[in-house]
Amino acid sequence: MSKPLFIVFEGIDGCGKSTQLRMLCDKLTTIGRSVVATAEPTDSKTGRMLREALSGKDARSATEMAALFTLDRIHHNVGAGGIAETLAAGKDMISDRYYYSSLAYQGSLTDYEWVRRMNCDCPDIRKPDLCIFLDMEPKAALARVGKRGEVTEIYEKEETLTLFRKTFHRVFASLDDNVAVVDADGTPDEVAARVFAAVSPLL
Ligand code: TYD
């Protein structure tokens, strides 16, 4: 059995991250690994502030959002039951979103370099073993968001998601991180097979 893995899922809103995250957790559990699922924003106090802002209830600037997401991420790493503690206990940690979202979303809206440094140079923000980017056309992704019938969040517009997707690709080309770009078009089983093929070399 390999060391505990820290894997993150990324993608624009509606790309199917939560389904794929669940399927990967199930698969890893089936092969005998101990897995914990997590997500950002977290349910910390800062996470709750972020939800208020994402819903549009509490307007915040892009720099405020970047700072809040970073604070939430530091707590996610070092807080009780967080990433560091879970990995130290020998369990895999799989997160729905991580710093790539800050680089793509807030990095598109304010000073990218500042957002990158705040996250990538932070001593308490761990680099994941693997980032799985579920790549999808914004139009198709938004159709999925619409079907869920949830209240639309501030970033869920085609033009915005097109910009964020482009930035995601630029981020991956410029960072020295282990990233698998996975085509998110297809049935959940088809996409899950692609995801598992990306994870297998680490097992
Ligand atoms: P959520 O409702 O969890 O969306 P999803 O299911 O698509 O993950 O809300 C997360 C939102 O927050 C999403 O629009 C992306 C955004 N976000 C950022 O802008 N920066 C970040 O660093 C993170 C983690 C998320």
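The values are calculated or read from the model by the stated rules, or taken from the named source; none is laboratory data. Predicted, not measured: the structure shown is a model, and the values here were computed from it. Virtual Cβ from ideal backbone geometry, glycine too; neighbours counted across all protein chains shown. Please note that ligands, DNA and RNA were not included when accessible areas were found on the heavy atoms of the full protein model with its side chains. Shrake-Rupley method; radii C 1.70, N 1.55, O 1.52, S 1.80 Å.
Modelled this way, with points 7 Å down the Cα-to-C-beta line, the labels at Asp58 and Ala80 are 2.2 nm from one another. Computed from label points 7 Å out along Cα-Cβ, the spacing between Ser200 and Lys27 is 0.9 nm. Full extension of the segment from His169 to Ser34, taken as 0.36 nm per residue of separation minus the current Cα-Cα distance, would add 45.5 nm.
With R₀ fixed at 22 Å, the C-beta to C-beta distance from Asp183 to Lys139 puts the FRET efficiency at about 0.90.
Under a point-charge model restricted to the Cβ atoms of Lys and Arg (+1) and Asp and Glu (-1), what is the dipole moment magnitude of the chain relative to its Cα centre, in debye to the nearest 20?
260 debye
Once a ≥ b ≥ c are taken as the square roots of the eigenvalues of the Cα gyration tensor of segment 11-168, is the result rounded (a/c under 1.5), prolate (a/b larger than b/c) or oblate (a/b not larger than b/c)? Note, shape of segment 11-168 comes out oblate. For segment 130-203 versus segment 45-96, the inter-centroid distance based on Cα atoms is 20 Å. Between Arg48 and Thr162, full extension at 0.36 nm per residue minus the direct alpha carbon distance yields a gain of 38.4 nm. Counting lysine pairs in the chain that sit 8 or more residues apart in sequence, or on different chains, and whose Cα atoms lie under 26 Å apart gives 29.
Whenever you get a sec, compute what percent of the accessible area on segment 6-202 sits on carbon and sulfur atoms (1.4 Å probe).
Accessible surface attributable to carbon and sulfur in segment 6-202 totals 52 percent.
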